[in-house]
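See below for the structure under consideration.
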Amino acid sequence: MQKKQLFEYAVIRVVPRVEREEFLNVGVILYCAGQKFLKCAFEVNESRLKAFSCEIESEIILSNLRSIEKICCGELEGGPIGQLDMPSRFRWLTATRSTVVQASKVHPGFCIDATETLQKLFRQLVL
């Protein structure tokens, strides 16, 4: 029997007008140190985004989300943050910020398979 391992996750959300604090969930970032796992899953539903805020440009949102993905993967295109160790990248990605694309508070849990858990959270919290 496989042992459950601690993981942490945050929901990626789009906040079109930060001062209003309204948001739309568009992704999930999951970090599991025991499995050396840091990945994100995201999807921008154009119609939901436009219904939520007609002023927001989905290409800018997608560009920001792709940057998050590059940082998670530790790619060179992720810039200096993408070159940090995995825990530091997760902490940077989930730091509190007042931007259009931001992360929720970090939540813990236990999992056997981090990939499966990421997909489950993505289905529950985003789709």
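The values are calculated or read from the model by the stated rules, or taken from the named source; none is laboratory data. Here the structure is a predicted model, which is why all the values come from computation and not from measurement. Here the Cβ positions follow ideal geometry from the backbone for every residue, glycine too, while neighbour counts run over all protein chains shown.
Quick one: would you say LEU6 is surrounded by 14 or more Cβ atoms within 10 Å (Cβ to Cβ) and either modelled with pLDDT of 95 or more or part of a helix (DSSP H, G or I) (or both)?
On the way: surrounded by 14 or more Cβ atoms within 10 Å (Cβ to Cβ): no; either modelled with pLDDT of 95 or more or part of a helix (DSSP H, G or I) (or both): yes.
Here the answer is no, as LEU6 does not meet what is asked.
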**Message:** Tell me whether the range 47-61 contains one or more residues that are of a type in the set (D, E, K, R), modelled with pLDDT of 95 or more and in contact with a strand residue (DSSP E or B) (Cβ under 8 Å, 6 or more places away or on another chain).
**Reply:** no
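Looking for something at positive phi and not basic (Lys, Arg) - is there at least one such residue anywhere in the range 89-106?
Step one: of the range 89-106, the residues at positive phi are none.
So far as the range 89-106 goes, no, none of its residues is at positive phi and not basic (Lys, Arg).
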**Item:** Hits in the range 9-39 - residues which are in contact (Cβ under 8 Å) with a residue 60 or more places away in the chain and among the aliphatic types (A, V, I, L, M)
**Value:** ALA10, VAL11, ILE12, VAL14, VAL15, VAL18, VAL26, VAL28, ILE29, LEU30
**Complete:** Of the residues in the range 20-31, those that are surrounded by 14 or more Cβ atoms within 10 Å (Cβ to Cβ) and more than 15 Å from LYS120 (Cα to Cα) come to PHE23, LEU24
**Request:** Tell me which residues, restricted to the range 40-85, are in contact (Cβ under 8 Å) with a residue 60 or more places away in the chain and either more than 30 Å from ILE112 (Cβ to Cβ) or surrounded by fewer than 16 Cβ atoms within 10 Å (Cβ to Cβ) (or both).
**Result:** GLU43
**Prompt:** Looking at the range 4-27, which of its residues are in contact with a Cys (Cβ under 9 Å, 6 or more places away or on another chain) and within 20 Å of GLU57 (Cα to Cα)?
**Reply:** ILE12, GLY27
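Check every one of the strands (runs of 3 or more DSSP E) wholly within the range 33-127 and list those with 2 or more residues that are within 12 Å of the chain's Cα centre (by Cα) and closer than 14 Å to PHE7 by Cα. Don't jump to the end; show me each part of the working.
Values: elements: 37-42, 101-103, 107-111.
Filter on the range 33-127 gives 37-42.
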**Item:** Whichever residue in the range 86-109 is surrounded by 11 or more Cβ atoms within 10 Å (Cβ to Cβ) and basic (Lys, Arg) and, among such residues, is farthest from GLN35 (Cα to Cα)
**Value:** ARG97
